[in-house]
Amino acid sequence: MDENVSKQVTCTLCKATYEPVFEPEENEGAYRVHCSSCVKGIQIARNDFVRVAIKEVLKIEGEALALAVQTYLSDCPCGQPFSYDAGKRCPECLKKIKREIRGEDNRPGEYYYIWNLKKLKDMEGRLFEHILNRLDSEDMSMQQLIDSFESGQIDPGTYMEELENLQIREAKDVAVIKTWAILVGPEMAFRAAEEHALMEKYGTRILVSMAAGMEAAFGTNILTTLTREEKNLDGPLRKEIQTFIKKIAGGF
């Protein structure tokens, strides 16, 4: 990964100086990264689960996170990499080029995923280590938080604060699990989820989240994935997944 971050770039076309975009603006939910060759751009959501996982596991943010994101992106359909500095072309020049080539379509003919799973593979071990560490953590669970509140050990204000913290922690945990799951594939991921008791910590919703991640990465239908996997579950877990399947399939 290139560690050199240019906060001021000279456009190779008009020679004007511009600032590359490293992350969403404070009031924005996403930012755009352009191809280093053509004018195609992709949206990187602030809460994209792979971006969140990279940030959480590598413990980076800002420019370092932007470079990591750039490293793990798939190449543009034109064959060239996406770059946070748009290939040293300023936004105004990109607009001019877009106007000149309006109507051209360089979309891929097959399913396209913005993240390069082969490159992300080198993070698989770190992702799984992070998951195991979180399973061993002593953070308060939802049930423990509810019990503490109902028993009067914490006041309503503290309860709401701790609830928000728990939700933030779990959202990060789920992002890491989803990223790891798409790297190892459904067969291994769902078996490991059962072996390491992920459902005990996160509930059966973690299986739904994993299936949603695979839908994003491979285009596989979430319902199809869950229908296949519920046959390998037993007892209450299987019933919960069956109930969810019925709901999203319009069974109710």
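The values are calculated or read from the model by the stated rules, or taken from the named source; none is laboratory data. Values in this document were obtained by computation on a predicted structure and should not be read as measured data. Reconstructed Cβ throughout: ideal geometry from the backbone, glycine too, with neighbour counts over all protein chains shown. Heavy atoms of the whole protein, side chains included, go into the accessibility calculation; ligands, DNA and RNA do not. Shrake-Rupley method; radii C 1.70, N 1.55, O 1.52, S 1.80 Å.
S37 fulfils the conditions (1) more than 24 Å from I97 (Cα to Cα); (2) surrounded by 16 or more Cβ atoms within 10 Å (Cβ to Cβ); (3) modelled with pLDDT under 95 except for a single criterion, (1). Is it fair to say A217 is open to solvent by less than 10 Å² (accessible area, probe 1.4 Å), in contact (Cβ under 8 Å) with a residue 12 or more places away in the chain and within 30 Å of L73 (Cβ to Cβ)? Yes: the conditions hold for A217.
Considering region 101-181, the qualifying helices (runs of 4 or more DSSP H), each wholly inside and each with 1 or more residues that are surrounded by 10 or more Cβ atoms within 10 Å (Cβ to Cβ), touching a Phe, Trp or Tyr at 6+ places or on another chain (Cβ under 9 Å) and among the basic types (K, R), run over 117-120. Taking each residue of region 68-85 that is in a helix (DSSP H, G or I) and looking for partners that are open to solvent by 40 Å² or more (accessible area, probe 1.4 Å) and not aliphatic (A, V, I, L, M) with beta-carbon atoms closer than 6 Å, six or more apart or interchain, yields Y72/K119.
Within region 93-105, can one find any residue that is farther than 21 Å from L13 by Cβ and without any contact (Cβ under 8 Å) to a residue 12 or more places away in the chain?
Looking only at region 93-105, we keep the residues that are farther than 21 Å from L13 by Cβ, and these are 103, 105.
The next check asks that each one be without any contact (Cβ under 8 Å) to a residue 12 or more places away in the chain; those that pass are 103, 105.
Yes, there is a match, as at least one residue in region 93-105 is farther than 21 Å from L13 by Cβ and without any contact (Cβ under 8 Å) to a residue 12 or more places away in the chain.
Of all the listed residues (T158, T204, T227, T220), the sole one being under 17 Å from the mean Cα position of the chain (by Cα) and polar (S, T, N, Q) is T220. For region 43-58, a residue qualifies if it is closer than 20 Å to E215 by Cα, aliphatic (A, V, I, L, M) and surrounded by fewer than 19 Cβ atoms within 10 Å (Cβ to Cβ), and exactly one does: A45.
Residues checked against (1) of a type in the set (F, W, Y); (2) crowded, with 19+ Cβ neighbours inside 10 Å; (3) touching a Lys or Arg at 6+ places or on another chain (Cβ under 8 Å):
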residue: I60; (1), (2), (3): no, no, no
residue: E63; (1), (2), (3): no, no, yes
residue: A66; (1), (2), (3): no, yes, no
residue: Y72; (1), (2), (3): yes, yes, yes
residue: F82; (1), (2), (3): yes, yes, no
residue: K88; (1), (2), (3): no, no, no
residue: K98; (1), (2), (3): no, no, no
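With under 30 Å from P81 (Cβ atoms), open to solvent by less than 70 Å² (accessible area, probe 1.4 Å) and of a type outside the set (S, T, N, Q) as the only criterion, which of G185, G203 stands out? Unique residue meeting the criteria: G185.
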